[in-house]
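Worksheet: one structure, shown below.
Read-outs: derived from the displayed coordinates by stated rules, not from any lab. Everything quoted here is computed from the prediction, not taken from an experiment. Note that each Cβ is placed from the backbone with ideal geometry, even for glycine, and that neighbours are counted across all protein chains shown.
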Amino acid sequence: MKNDFPNHNGPLPGEERLVHAALEEHARLGSNRNDDALIERILLETVNKQSVTEVVAARSTAPWKSLLIGVGSAAAVLLLGFFFLQSFQVRDSEMPRREVHFVVQILEDAPVDASPPTTPPTVAASPNQGRIEPTFAKVDAVVRPINSGTDYFMETQFGKSLSQLPSKAEHHGFLISASKVRQTGRETQFDGDVVITHDTWKIKAAGASVPIAGKVEGDSMNQSPSLTAFDVVVNQVSPRRTVHAKTLNFDAVTGNLILTGVQSISSPEGEMKKFQASDRLTLTKTSYAIESLPVLKYASPPLLKPGRN
Amino acid sequence: MPRTFTIDPTDPEELDPKNAEDFTELVKLHHRDLLVYARALSHDSTTAADLVQDAFVVAFDKVKTFDVTRDFATWMRGIIRNKWREWLRKNQKYELTDDLLAQIDADIASWQNQRLNESNSLFDSLDQGLKRLPDTLRDAVIAFYYEGRNGDEIAERLEIEPAAVRKRLQRARSILKQFLDQRIDSTTSSEAES
């Protein structure tokens with residue numbers, strides 16, 4: 001929306017207001033095109049919502065979680081892929097918006113190496129979390145634009161190593177809008193008035209970043225490609241909660257939000273404000289948990305004073 | 001994966017929102033008119049998209065209460081109005097008068113009906129109206145709406161005062177409104193004659 005011209009700080013005359021809106025919409029998408037991103041979002045929350053729920057339910061009954069605890073057994077491989085579904089920046093007057101979908105796909109009955117492993121499995125675990133990070137298959141992702149013009153889709157294609165993808169997949173869709181969007185080498189950064197919309201949460205943040213599709217490889221494969229944000233306010237409608245925190249990470253594997261630097265959390269039960277700097281809040285669709293990480297203390301080194309040996 | 005949506009040629013009046021496939025068609029059919037409507041109410045494109053999305057979610061959740069003898073577009077506009085009022089309360093924004101709201105509602109309803117009867121959308125009519133605008137007005141409209149220039153830039157480009165740009169845009173919107181109204185009137189009268 002244009003900020004100062006003409007007469008945008010107040011209502012336009014009635015007879016002009018709808019024409020003004022129609023002209024803006026016509027300029028945005030022309031006469032005959034659909035707003036595919038909006039349709040996709042609506043369908044994800046309506047007619048397609050049931051299928052997503054089914055996937056979640058199926059996952060909860062699958063044995064993958066327990067199998068993952070013993071990563072060395074390699075009975076299940078968790079593949080984490082992600083792609084930008086759509087990226088569009090229409091005009092200067094529009095807030096730049098990106099739609100980001102994380103897709104968690106689960107390979108069950110993956111080939112198991114019958115021989116005992118010669119070396120212990122490498123387990124990458126975050127300190128003090130007690131949680132084992134999954135192993136990721138390599139993603140040969142190719143990003144190519146579809147359509148030209150003002151709108152374009154970004155599609156991620158998987159390489160041969162992942163040609164037999166399972167049918168099971170869990171989608172986590174985020175719509176991100178911000179005052180500024182820029183791409184660095186490996187990620188897309190959003191700055192200023194960032195609003196992140198998800199099925200469960202609406203997040204306001206000072207800034208956010210997501211990795212660029214197809215750029216997750218090498219060392220980065222040991223980490224979940226993740227959405228991160230700082231100076232956040234997380235709102236959840238049902239059950240109602242509001243969280244203020246310094247940093248936010250979306251864990252695409254569990255579908256949870258991990259918040260640190262928590263300042264407050266309010267819910268129908270009340271408001272909590274006293275948190276340690278090291279406290280970590282895990283926000284799920286239905287509940288939340290606070291972990292207080294132990295503070296590591298080191299012995300003070302002796303003071304070295306110059307001139308004395 | 002990205003999908004391209006096309007509108008199914010099924011008679012829109014036969015679509016039943018209680019059926020998932022029909023609901024999908026109704027989303028495709030109405031979302032852009034409703035975006036215009038929500039934009040006219042909220043004056044903000046992002047808010048308009050949120051209002052339309054939320055309204056369809058509410059409609060889907062309450063679809064069992066929908067009376068199939070009623071017009072789906074009218075029902076949706078009602079939900080959007082309610083969502084917009086909630087948004088106004090939360091954001092403490094200015095509100096339209098009831099008369100103005102009724103006028104906007106009547107206009108968008110006429111355009112939606114015209115599209116259903118003629119397969120001619122509001123945007124098609126707008127295309128035609130733009131072609132008929134005098135060059136001086138059309139240049140201002142193109143620069144402002146389609147090229148995203150601000151008032152000062154347009155004034156400099158057209159070598160006129162910013163106030164004159166504002167005046168030309170107002171005049172252009174007024175002429176376009178008259179043109180759209182005439183098209184609706186002509187459609188209505190030809191229907192009455194037949």
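Full extension of the segment from B:GLN128 to B:GLU147, taken as 0.36 nm per residue of separation minus the current Cα-Cα distance, would add 5.0 nm.
Calculate, in nm to one decimal, what A:ASP193 and A:LYS246 gain on full extension: separation in residues at 0.36 nm each, minus their alpha carbon distance. Present the calculation step by step, with values, prior to reporting the outcome.
On the way: separation 53, 0.36 × 53 = 19.08 nm, distance 1.51 nm.
Net length gain for the segment: 17.6 nm.
Charged side chains reduced to their Cβ positions (Lys and Arg at +1, Asp and Glu at -1) give segment B:22-129 a dipole of some 400 debye around its Cα centre.
Suppose the chain between A:LYS204 and A:LYS274 were pulled fully straight at 0.36 nm per residue; how much longer would it get relative to their current alpha carbon spacing? Intermediate values should be presented prior to the final figure.
Numbers: separation 70, 0.36 × 70 = 25.20 nm, distance 2.17 nm.
Taking 0.36 nm per residue and subtracting the Cα distance, the gain is 23.0 nm.
Sum up the charges of everything whose Cβ sits under 11 Å from the Cβ of A:LEU283, counting Lys and Arg as +1 and Asp and Glu as -1, but leave A:LEU283 out. Walk me through the numbers on the way to the answer.
Values: positive: A:ARG241, A:ARG280, A:LYS285; negative: A:ASP251.
Counting the neighbours of A:LEU283, the net charge comes to +2.
With a Förster radius of 45 Å applied to the C-beta separation of B:ASP181 and B:ASP61, the computed FRET efficiency comes to 0.80.
Seen from A:VAL232, the other residues with C-beta closer than 12 Å to its C-beta sum to a net charge of +2, counting Lys and Arg as +1 and Asp and Glu as -1. Listed here are the pairs B:LYS93/B:LYS177; A:LYS202/A:LYS246; A:LYS202/B:LYS93; A:LYS246/A:LYS273; which of them are more than 18 Å apart at the Cα? Cα-Cα > 18 Å for B:LYS93/B:LYS177; A:LYS202/B:LYS93; rest within. Result for chain B in a Gaussian network model with C-alpha springs under 10 Å: among B:SER121, B:SER42, B:SER174, the largest mean-square fluctuation is at B:SER174.
Each Lys or Arg adds one and each Asp or Glu takes one away; over the other residues whose Cβ falls under 13 Å from the Cβ of B:LYS167, this sums to +2.
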